[in-house]
Each structure stands twice: as structure tokens, then as C-alpha cells.
Amino acid sequence: MANSTLVLITKAPYGLEEAFAGLRLGLAMGVNGMKTSVLMMDDGVYNAIASQKAEAVKMPSNMEATKELYDFEVPVYVVKEDLDSRGIDESKLFEGLKVVPASKVKELLAEHDVVTTF
Amino acid sequence: MPKTLTILWRTGSMMAMDANVAVKLARAALAKGYKVDMFGYGEGVTAVKKGQNPKRFPNVGNELEETIKQGVSTAICETCYAARGFERGEEIAGAKVGSLTNDLFKFISESDRLVTIAR
Amino acid sequence: MPKSAFIILKSPQELDPTHTMKRFADSKDASAILLEDGVYQALVDGPSRKLKESAHEVLVSKEDLEARGFGPSDLKAGSAVEYADIVDCIMERTERTITV
């Protein structure tokens with residue numbers, strides 16, 4: 001019986017539905033009180049950029065969808081190496097995100113019963 | 001108590017063979033005595049539309065309906081369903097138009113394994 | 001560390017799954033399950049070598065392999081299996097399933 005879920009966000013925002021859908025899934029688990037964490041990795045780290053402006057393409061904001069997770073104590077991790085390889089400085093990220101080295105990924109896996117990828 | 005598998009699929013019925021793979025996996029797990037739940041999310045919800053007629057391609061709607069008859073609980077995301085213009089009543093028999101918060105949460109919390117079939 | 005099954009649906013030209021696999025699991029804890037175009041990963045020298053380095057077992061969907069014109073003797077990594085074997089891997093031999 002799964003008591004915790006790790007949600008991987010691997011896709012960038014606004015071109016695809018995936019990242020938003022993953023954040024919503026994380027929220028649905030968090031609302032129910034399930035231990036849930038979100039991990040932004042690969043192109044998913046583009047969701048962490050503070051200056052994103054969803055209204056430019058009339059989409060719901062992935063930044064707001066991420067921040068809603070904080071209300072339910074769902075931590076959101078961002079892989080540092082994936083930020084670095086995309087030339088994104090940590091100063092460009094919005095508040096509340098936890099930047100972690102890729103070596104933390106195995107720990108997160110061990111701490112959650114199931115994983116889903118977006 | 002048999003172990004439980006939840007399969008979350010997110011690819012549309014005609015986009016790829018993903019939904020068919022999800023069904024095959026569900027049936028193979030069922031045949032081995034596991035309990036199986038399935039949840040369609042995003043584009044995946046198109047697979048439960050009744051009346052699909054893909055001519056010579058596999059009919060995933062029919063396959064899914066048969067799988068439900070065999071005992072696989074199947075639900076989909078209503079928000080995703082409505083977004084694509086589908087209404088309640090247009091789904092195959094036995095598929096539940098539900099939600100992440102109620103149905104997927106229940107499936108996951110009762111599961112030993114979660115498999116995601118998506119691209 | 002939990003034993004993990006990695007589901008791979010994409011060809012090596014579309015995706016190098018080993019980048020993600022290595023982050024989540026050591027080879028001894030990793031199983032690779034190749035479905036749909038994922039089966040091409042086991043048919044090419046470079047990608048199949050990387051897969052063997054990243055997973056201690058590689059399961060290749062027999063029907064997807066055959067549909068694409070290949071057979072078990074063409075595999076450069078892993079073995080051709082039925083869905084029943086894939087279910088065993090997911091439910092009994094590993095504890096987490098990660099789609100790459």
C-alpha cells in the first residue's frame with residue numbers, strides 16, 4: 001500500500017500539458033494528506049523560472065500551480081546539474097524551491113513508495 | 001491479499017500504442033492474480049470514449065471495456081474529459097468519470113506498484 | 001536502495017534512457033523494460049552497451065520486436081519476453097517502476 005508519491009516533472013512548461021498535469025497530480029495527493037514530493041529534472045527545470053509569464057500564451061501558470069503545492073507541504077526539488085546544463089542561474093528561480101544535486105535523486109526515490117513521470 | 005497494480009496512462013487512443021500497452025499489462029497482471037486499477041489522465045481519457053471505430057487498428061475502447069469486465073477498476077479525469085468535449089455517458093461501460101483527488105488517490109494509496117504509460 | 005524497473009518506450013535516436021536510469025539506481029538495482037519503439041534500444045551497438053552497463057537485466061517485449069521485423073537472435077542486450085515476464089519484473093523483482 002503506497003503511502004507516498006514522487007512526481008517527476010521532466011518537460012518544459014507551456015508547449016506541452018505534461019508539467020502542469022504533473023503538478024496537479026501532486027496537488028491531488030497532497031490535498032489528501034499523502035506524503036508527496038515533486039522533482040523537476042531535465043527540461044522540467046524550466047518550470048522553475050520566476051519570470052515566466054503564462055498569460056502571454058493564455059495558459060494557467062505553472063509557477064502558481066507549483067506554489068499551491070507549498071500550502072499542502074509538498075516540497076518541490078530542482079536538480080542543480082540540469083539547471084547548470086541549461087545555463088539557468090539559481091537567482092532566476094522563484095521562491096520556495098529546493099535546489100538539490102543529482103546525487104539526492106536516489107534518496108528521494110528511497111523515501112517514496114511510488115513514482116510517476118510527467 | 002493479492003498485490004495491487006495501478007496503471008496510469010496518459011497517451012491518446014490513436015497517438016501511439018501506449019493505451020494498448022497499458023491494457024495488455026493490465027490483463028497480464030490480472031492473469032497472474034494481481035488486483036489491477038487503471039486511471040486515464042490527460043489525452044489518455046480519449047481511450048474510454050465509446051463507439052471508437054479505428055477500422056484495421058486495435059480498438060482500445062473495446063479492449064478496455066473487456067478488461068473492465070474482467071475486473072479492472074477504471075477511472076478517468078473528468079476535467080481532462082470535459083476539456084476534450086466529452087460528456088458523461090459517452091464513456092464505455094464500467095469506466096468511471098472521476099478525479100485525481102478521489103479516484104487516483106484511492107487507487108495509489110491501495111497500490112503496491114504504480115506504472116505510468118506516457119511519453 | 002530500492003530495486004527499480006525502468007519503462008522505456010522510445011528509440012535510441014529519441015531518448016538515451018541511461019542518463020535517468022543512472023541517477024535513480026545502480027546497475028545492480030536496475031531492470032530495463034523495453035516496449036514499443038523502446039525495443040530498438042537493444043538492437044544497436046552503442047545504446048545496447050549503455051543499457052547493459054546501466055541495468056542488470058533488460059527485458060524486451062517479444063511482440064513489439066517481432067512486429068518491427070526483428071527476433072530474439074537480433075538482440076545485442078537482454079532477452080525477448082512476454083507480458084507475463086514483464087509483470088513479474090514489476091510486481092516481484094523490483095519495488096519501484098519509473099517511466100523514462
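Does at least one position in the range B:24-32 carry a residue that is buried (at least 23 other Cβ atoms within 10 Å of the Cβ), within 13 Å of chain C (Cβ to nearest Cβ), of a type outside the set (A, V, I, L, M, F, W, C) and assigned to a helix (DSSP H, G or I)? No, the conditions are met nowhere in the range B:24-32. Residues of the range C:49-64 that are in contact with a Leu (Cβ under 8 Å, 6 or more places away or on another chain) and either among the polar types (S, T, N, Q) or surrounded by fewer than 22 Cβ atoms within 10 Å (Cβ to Cβ) (or both): C:SER61, C:ASP64. If only residues of the range A:32-78 that are β-branched (Val, Ile, Thr) and within 21 Å of A:LEU109 (Cα to Cα) are counted, the one that is surrounded by the most Cβ atoms within 10 Å (Cβ to Cβ) is A:VAL38. Scanning the range C:34-62 for residues that are more than 18 Å from C:THR94 (Cβ to Cβ), within 14 Å of chain B (Cβ to nearest Cβ) and aliphatic (A, V, I, L, M) returns a single hit, C:VAL39.
When the range C:78-100 is filtered for residues that are polar (S, T, N, Q) and either more than 8 Å from chain B (Cβ to nearest Cβ) or in contact with a helix residue (DSSP H, G or I) (Cβ under 6 Å, 6 or more places away or on another chain) (or both), the ones remaining, listed by number, are C:SER79, C:THR94, C:THR97. Just to be sure, is A:ASP42 of a type in the set (Asp, Glu), on the phi > 0 side of the Ramachandran plot and touching a residue at least 12 places away in the same chain (Cβ under 8 Å)? It is true that A:ASP42 is of a type in the set (Asp, Glu), on the phi > 0 side of the Ramachandran plot and touching a residue at least 12 places away in the same chain (Cβ under 8 Å). The residue of the range A:1-31 that is nearest to A:MET63 (Cα to Cα), among those that are more than 10 Å from the chain's Cα centre (by Cα) and among the β-branched types (Val, Ile, Thr), is A:VAL31. Can we say A:LEU109 is closer than 16 Å to A:THR10 by Cα, touching a residue at least 12 places away in the same chain (Cβ under 8 Å) and touching a Pro at 6+ places or on another chain (Cβ under 7 Å)? It is true that A:LEU109 is closer than 16 Å to A:THR10 by Cα, touching a residue at least 12 places away in the same chain (Cβ under 8 Å) and touching a Pro at 6+ places or on another chain (Cβ under 7 Å). Only residues that are of a type outside the set (Lys, Arg), in contact with a His (Cβ under 9 Å, 6 or more places away or on another chain) and away from chain A (no Cβ under 11 Å) were counted across the range C:1-29, and they come to 1.
If you take just the strands (runs of 3 or more DSSP E) that sit entirely in the range B:55-119, which of them hold at least 1 residues that are touching a Gly at 6+ places or on another chain (Cβ under 9 Å) and more than 14 Å from chain A (Cβ to nearest Cβ)? Give the steps one after another, and end with the answer.
Numbers: elements: B:73-77, B:95-98, B:113-117.
It comes to B:73-77, B:95-98.
Of the residues B:GLY40, B:GLY51, B:GLY44, which single one is touching a helix residue (DSSP H, G or I) at 6+ places or on another chain (Cβ under 8 Å), small (Gly, Ala, Ser), closer than 16 Å to B:ASN20 by Cα and away from every other protein chain (no Cβ under 11 Å)? Give the derivation first.
Numbers: B:GLY51 fails: closer than 16 Å to B:ASN20 by Cα; B:GLY44 fails: away from every other protein chain (no Cβ under 11 Å).
After applying the criteria, what remains is B:GLY40.
A:GLU81 - would you say it is exposed (fewer than 14 other Cβ atoms within 10 Å of the Cβ) and either more than 14 Å from chain B (Cβ to nearest Cβ) or outside any loop (DSSP other than H, G, I, E, B) (or both)? Considered against the rule, which asks whether it is exposed (fewer than 14 other Cβ atoms within 10 Å of the Cβ) and either more than 14 Å from chain B (Cβ to nearest Cβ) or outside any loop (DSSP other than H, G, I, E, B) (or both), A:GLU81 comes out as no.
Specify which of the listed residues (A:ALA54, A:ALA102) is over 13 Å from the mean Cα position of the chain (by Cα) and under 18 Å from A:ARG24 (Cα atoms). If you could, list the steps in order and put the result at the bottom.
Values: A:ALA102 fails: under 18 Å from A:ARG24 (Cα atoms).
Going through A:ALA54, A:ALA102 in turn, the sole match is A:ALA54.
Of everything in the range B:1-17 that is touching a Gly at 6+ places or on another chain (Cβ under 8 Å) and outside any strand (DSSP E or B), the residue that is farthest from the other protein chains (Cβ to nearest Cβ) is B:SER13. Inspection of the range B:55-74 identifies at least one residue that is within 26 Å of A:VAL7 (Cα to Cα) and either free of Cβ contacts under 8 Å to residues at least 40 places away in the same chain or among the hydroxyl-bearing types (Ser, Thr, Tyr) (or both). Where residues in the range C:27-48 are among the acidic types (Asp, Glu) and in contact with a Ser or Thr (Cβ under 9 Å, 6 or more places away or on another chain), which of them is surrounded by the fewest Cβ atoms within 10 Å (Cβ to Cβ)? It comes out as C:ASP29.
Every number here is computed from the coordinates shown, using simple stated rules; none is lab data. The shown structure was predicted, so the numbers you read here are calculated from the model rather than taken from an experiment. We place every Cβ from the backbone using ideal geometry, glycine too, and count neighbours over all the protein chains shown.
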